[in-house]
Amino acid sequence: MTVYDWRMRQRGGTEAENLSSGDVPLERELVVASDTGAFWIGDGATALTDLPKQGPITLDPTSGVATLPDGTQLASLSSQTYLLPTVAREAMARVLADRTTPEGAAVVGAQGDNAMTYLGTKQIEVLKSSDDDRPGVWEFIHDSPTGYLFHLMTGADTQPASALLGLGIDNGGQGIFINNKKRGVGIAIQQNDSIESPTAYGVYANQSSKTAPLIHVDHADGAKHALRIISSESKVETNELIEVITTGVSGGGYVSSRSGAVYWRSDINATQGKRVRAVQAIAADGNSTAIEPDALRLSTWNGADGGYWQKRIGQNGQSMLLQVADGTSGGRDTAPAKWFTGVEVKQVNGLAGGTQLGFYGAVPVGRQAAPAAATDAASTQAAVNNLRSALIALGLLS
């Protein structure tokens, strides 16, 4: 095979000569300015003077102002802030090359040829297709003890409806994935004391879905707590660490930043047979007071074998029961073999006179009538007998 070496010189002259020629370059014909390095690519129909001028872009190192080949200046471009890898720049440059409209874009060659700015809105082609198994298309490495890779700022005219970044998850996938591996912080938000608006939230989320929760956290067995809130020392009990506001009813409440106490204006419901509990200690030897669905249970550690003395104030139909267990149980939530009712108070008709009382498991009875005052031996004997019968009826005598 014979190989021939060719050298090719592009047509053109100085920039002034090219612009004054009035030529209409052929389609894909390249015309180069020998003095400035600018060039034009013909389309076969447009005069050279009307073709987009291509070529080197100058960047003032002091002001950061970049000047495009057509004279347009892009103010305050920082070569340190807008650096992009060459592969990413070239991929985006394919769709940002048109600078003939007000919403066009410009590729700025600062720091070698790796910087880019994008003016306006354009549709960028899919840069990672379904058969692309690379971890990422773009990769940026920050190896400085300070500063940012990207610094986005809002202007004076920014409104609540505008955003620095917009992510549209129209199908599957994740909007932002953070893989925290060693010593970093996934997301850091500094809510400064200079905030002027009560709605200038550090994080705002709006839940409208009836299908999926707004926040879902998976917690691995043995992992540290999924949420930790630390309050600086506060001298005011009403300072709120966490606040819950409900609309339509006067409910919700807050957790005190000073003491951690919960102040609540709504019911606290434990369902499915569960309980609300106050414990002396999480360990097995801590006394416990638990509100159960049908009773208030008090469990006292017996100090010996891990058992508990169980007492409870229970309910059964119209009755309130004061009960104790037949012995110690194996745990503060372990049901004893049997509950003994010490006192039963039964409400019969909702009136004070309808209240019945029973002791030691006796069937509740109404208030017993007082015996007549004794005047002699016979009436004394009758009074004693009536009193005995009343005490037996109440269960105080057997």
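Annotations
- Per residue, the average separation of C-alpha pairs within less than 8 Å and at least 6 apart gives the range 320-370 a relative contact order of 28 percent.
- Cα radius of gyration and Dmax for the range 120-224 (Å): 18.0, 49
- The order of Phe340, Phe177, Phe359, Phe150, going from fewest to most other C-beta atoms within 10 Å of their C-beta, is Phe177, Phe150, Phe340, Phe359.
- Within the shell of other residues whose beta carbon sits under 12 angstrom from the beta carbon of Val255, the net charge comes to -2, with Lys and Arg scored +1 and Asp and Glu -1.
- Which of Ser256, Ser232 has the fewest Cβ neighbours within 10 Å, and the rest in rising order: Ser232, Ser256
- Contact order, relative form, for the range 288-354: 24 percent (alpha carbon pairs under 8 Å, 6 or more residues apart, mean separation divided by residue count).
- Environment charge at Arg277 (Cβ cut-off 12 Å; Lys +1, Arg +1, Asp -1, Glu -1): +2
- Considering only Cα atoms, the convex hull volume of the range 285-372 works out to 118 Å³ per residue.
- Normalised contact order of the range 122-255, rounded percent, pairs of Cα under 8 Å and 6 or more residues apart: 7
- Count Lys and Arg as plus one, Asp and Glu as minus one, and take only other residues whose Cβ is under 13 Å from that of Asn239; the net charge is then -2.
Each reported figure results from applying straightforward, stated rules to the coordinates on display, with no laboratory input. Keep in mind the model is a prediction, meaning the values are calculated, not measured. Quick reminder, even Gly has a Cβ in these numbers, built from the backbone with ideal geometry, and neighbours come from all protein chains shown.
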